Amino acid sequence: MTRTAVVTGGTAGVGRATVRELAGAGYDVAVLARGQAGLDAAAADVKAAGQRAMPVVCDVADPDAVDRAARQVEEGLGEIDLWVNVAFVGSLAFFWDTTLEEFRRVTDVTYYGQVYGTRVALARMRPRDRGVIVNVGSAMAYRSIPLQSAYCGAKHAIKGFTESVMTELAHERSRVRVCMVQLPGLNTPQFTWNRARVEGHPRPVAPVWQPEVAARAIRFLAEHPRRNMWVGLATVYTILGERLAPKVVDLYLGRYGVAGQQTSADLPRRGSNLDEPRDADVDAGAHGPYDDEAWSWDPQTWASERRGALVGAAAATVLSAAVAGVRGLGRREDGGRK
């Protein structure tokens, strides 16, 4: 049976890669975003995979628009099985150089957009007692960095909000699953349309992965729901570093974090997408300008997807070693008696 997925922010970056990944896995896909050219191109990707597409112009910061979009999807494609919250906007500036309007807009899209998406998805999934919601987070949900106070605050909020909803679903013994995925620095068009008040061109914090790595993890969660999933070795050491030595990480980021998010390279600048889409006339696609350094494979994600088998193999290895040790000890004791 064909499943129906909704991807917010599905015209570019991780969202676009996720649209392609889900369509390739047999989902009909509704894409919610603001840019018409991006919507048209994302819909073409879905159709090229042999699936039905529904592009919907929608600003996820508007709860009524998100609810209307959900109704439109169910009327046109059928009951929603999967809802993926990806949409966000960002800026690269010191907190004191960020206006209150900019801070609020980043929060409205990046945080409240996920709240509204989760709400309308649950309104449909809970009565059916089935469905999966994936809220896309970041290593910055655990460890904030300079120049992105609004975005980091939003990602922290997403984590807290999502965990609360998880406990409420557990309370009512619902079979609806809400999952989180935490991402590293990715090569997306984000860095060509961030609002920036820095000297250099915005860039992701190294090391960098391609958005398809994140998309594969999102599809895995859709089909093997779990509470949380970390993507990228950088996400692992960022989160663990925050847990073990937060003050050391403060000092490190204070020294290197500002320069680490800028480059002197002459790269495309599409203008800020805070208030209006930058893929309204020209499709931006999934990738940003950092293909030459971005990894297409991640051992952390590979291991996370196979953690059951790996734990089982490790346990079997330990058990085999223990049995061999006991047998060896028995042989030595027998030899000693002789």
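Give the residue, chosen from Val115, Val120, Val134, Val165, that is touching an Asp or Glu at 6+ places or on another chain (Cβ under 6 Å) and at pLDDT 95 or above.
When all the criteria are applied, what remains is Val120.
Being in contact with a Phe, Trp or Tyr (Cβ under 7 Å, 6 or more places away or on another chain) and either open to solvent by 10 Å² or more (accessible area, probe 1.4 Å) or within 30 Å of Pro127 (Cβ to Cβ) (or both) is the filter here; which residues of region 186-207 pass it?
Matches in region 186-207: Leu186, Arg203, Pro207.
Looking at (1) part of a helix (DSSP H, G or I); (2) aliphatic (A, V, I, L, M); (3) out of contact with any Phe, Trp or Tyr (no Cβ under 9 Å at 6 or more places or on another chain); (4) surrounded by fewer than 21 Cβ atoms within 10 Å (Cβ to Cβ), which is the only condition Val73 fails?
(4)
I need every pair where a residue in region 142-160 that is within 21 Å of Glu101 (Cβ to Cβ) and in contact (Cβ under 8 Å) with a residue 60 or more places away in the chain has its Cβ under 8 Å from the Cβ of a residue that is surrounded by 18 or more Cβ atoms within 10 Å (Cβ to Cβ) and among the charged types (D, E, K, R), sequence separation at least 6 or different chains.
Ala150/Glu102
Residues Gly232, Gly288: which one is within 21 Å of Tyr151 (Cβ to Cβ) and over 15 Å from the mean Cα position of the chain (by Cα)? Can you show your working first?
On the way: Gly232 fails: over 15 Å from the mean Cα position of the chain (by Cα).
Of Gly232, Gly288, the one residue that is within 21 Å of Tyr151 (Cβ to Cβ) and over 15 Å from the mean Cα position of the chain (by Cα) is Gly288.
Looking at this structure, is Ser138 surrounded by fewer than 18 Cβ atoms within 10 Å (Cβ to Cβ) and of a type in the set (S, T, N, Q)?
no
Go over the candidates Tyr142, Tyr151 one by one and state the one that is under 30 Å from Ala206 (Cβ atoms), in contact with a Lys or Arg (Cβ under 8 Å, 6 or more places away or on another chain) and among the hydroxyl-bearing types (Ser, Thr, Tyr).
Working: Tyr151 fails: in contact with a Lys or Arg (Cβ under 8 Å, 6 or more places away or on another chain).
After ruling out the rest, the residue left standing is Tyr142.
Taking region 229-270 on its own, how many of its residues are surrounded by 12 or more Cβ atoms within 10 Å (Cβ to Cβ), among the small types (Gly, Ala, Ser) and assigned to a loop (DSSP other than H, G, I, E, B)?
3
Quickly run through region 7-59 and pick out the residues that are open to solvent by less than 10 Å² (accessible area, probe 1.4 Å), in a loop (DSSP other than H, G, I, E, B) and more than 20 Å from Ala222 (Cα to Cα).
Gly35, Cys58
Going through region 87-107 one residue at a time, which ones are part of a loop (DSSP other than H, G, I, E, B) and open to solvent by 10 Å² or more (accessible area, probe 1.4 Å)? If you could, list the steps in order and put the result at the bottom.
Within region 87-107, the first condition is being part of a loop (DSSP other than H, G, I, E, B), and the residues that meet it are 87-90, 93-94, 98-99.
The answer is Ala87, Phe88, Phe94, Thr98, Thr99.
Can you tell me which residue within region 146-176, out of those that are in contact with a helix residue (DSSP H, G or I) (Cβ under 6 Å, 6 or more places away or on another chain), aliphatic (A, V, I, L, M) and in a helix (DSSP H, G or I), is most open to solvent (accessible area, probe 1.4 Å)?
Ala157
Just to check your reading of the model, which residue among Trp302, Trp295 is aromatic (Phe, Trp, Tyr), touching a strand residue (DSSP E or B) at 6+ places or on another chain (Cβ under 8 Å) and open to solvent by 90 Å² or more (accessible area, probe 1.4 Å)? Don't jump to the end; show me each part of the working.
On the way: Trp302 fails: touching a strand residue (DSSP E or B) at 6+ places or on another chain (Cβ under 8 Å).
The unique qualifying residue is Trp295.
Looking at Ala284, Ala313 in this structure, which one is modelled with pLDDT of 95 or more, open to solvent by less than 60 Å² (accessible area, probe 1.4 Å) and among the small types (Gly, Ala, Ser)? Steps first, please.
Details: Ala313 fails: modelled with pLDDT of 95 or more.
On inspection, the qualifying residue turns out to be Ala284.
Contact list please: Cβ distance under 6 Å, first residue in region 24-35 and within 19 Å of Asp59 (Cβ to Cβ), second residue modelled with pLDDT of 95 or more and of a type in the set (D, E, K, R), pairs at least six apart or on different chains.
The qualifying pairs are Arg34/Asp59; Gly35/Asp279.
The values are calculated or read from the model by the stated rules, or taken from the named source; none is laboratory data. These numbers come from a predicted model, not from an experiment. Note that we place each Cβ from the backbone using ideal geometry, even for glycine, and neighbour counts take in every protein chain shown. For accessibility, only protein heavy atoms count, side chains too; no ligands or nucleic acids. Shrake-Rupley method; radii C 1.70, N 1.55, O 1.52, S 1.80 Å.
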